[in-house]
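Undergrad: Handing you this structure, nothing more for now.
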Amino acid sequence: MISEWIGPRVRTWMLRVGRVLSGWGLSPNLLTVLGLVLNGLVAVVIAMGHPVAGGAFLLIASAFDMLDGAVARADDSVTRFGGFLDSTLDRYSEIVIFVGVLVYLLDTPDGRIGSVLVLLSATGALMISYVRARAEAAGFGASVGLLPRPERVILLAICLLLGRPIWALWILAIFTHVTAAMRILHVWRAGQAEATAKTRPASRGSGAAS
């Protein structure tokens, strides 16, 4: 995944920015809320018929989304509520961008198919996050798959810059659900491996007794 390749470099740079913002007295939760507001403005730009500008601003907004975590790490103020708020508002940010794309497409010849693709893409994106959350609640990791959020944002931003958001929606409508399925399969395999590990000692014990 792209995020695994560039993630460490970006996080190192963001941590430096986080230290600066922390020195200014900005809290991580405030930055989380501002990130949602910024994504809302990006959605408005797209909805008003400016997909290229929207794509450029989306890349800026996605970078801003990482600042809350960077500030939290810089001033050692990481909290469970902060992580919860960040994850929740990230979902709203993604939804509001999809709404902006939908409004834009309604005034184009792709309006009908675009509406369906937006619905499928948004549903798939939410399912990716839901599957991971449920997996982690059950004690499994599920950060696998083709299209986690950074890849989805980059894909949509690039297609917006090209003036072809419908291209991104076709890919997202299919591969977000493929990604969710990959995570489900990953958790199933982990569960099977865990169950097998638990039964092996008992099997050895019964064999030795006989």
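Undergrad: Say the dipole of the range 2-192 comes from +1 at the beta carbon of Lys and Arg and -1 at that of Asp and Glu; which of Ala63, Leu162, Met182 then lies farthest toward its positive end?
TA: Most positive-ward Cα: Met182.
Undergrad: Something else: How do Arg91, Arg152 line up, fewest other C-beta atoms within 10 Å first?
TA: By the 10 Å Cβ count, ascending, the order reads Arg91, Arg152.
Undergrad: Something else now. Which one of Ala137, Thr79, Leu106 has its Cα pushed farthest toward the positive end of the charge dipole of the range 68-141, where Lys and Arg give +1 and Asp and Glu give -1 at the Cβ?
TA: Checking the options against the dipole of the range 68-141, the answer is Ala137.
Undergrad: Return the Cα extents of the chain along principal axes one, two and three, sorted largest first, each rounded to a whole Å.
TA: In descending order, the Cα extents are 76, 48, 27 Å.
Undergrad: Let me ask something else. Any idea how far the Cα center of the range 31-109 sits from the one of the range 174-190, in Å?
TA: What the calculation gives is 25 Å, centre to centre.
Undergrad: Dividing the convex hull volume of the alpha carbon atoms of the range 86-171 by its residue count, what do you get in Å³ per residue?
TA: 83
Undergrad: Given an 8 Å cut-off on Cα distances and at least 6 residues of separation, report the relative contact order of the range 65-135 as a percent.
TA: 21
Undergrad: Next up: Within 10 Å of each residue's Cβ, count the other Cβ atoms and sort Met48, Met127, Met66 from fewest upward.
TA: By the 10 Å Cβ count, ascending, the order reads Met48, Met127, Met66.
Undergrad: Going by how many other Cβ atoms sit within 10 Å of their own, how do Leu36, Leu160 line up, fewest first?
TA: Leu36, Leu160
We did not get these values from a lab; they are worked out from the coordinates using the rules stated. Quantities reported herein were computed from a predicted structural model and do not represent experimental measurements. We place every Cβ from the backbone using ideal geometry, glycine too, and count neighbours over all the protein chains shown.
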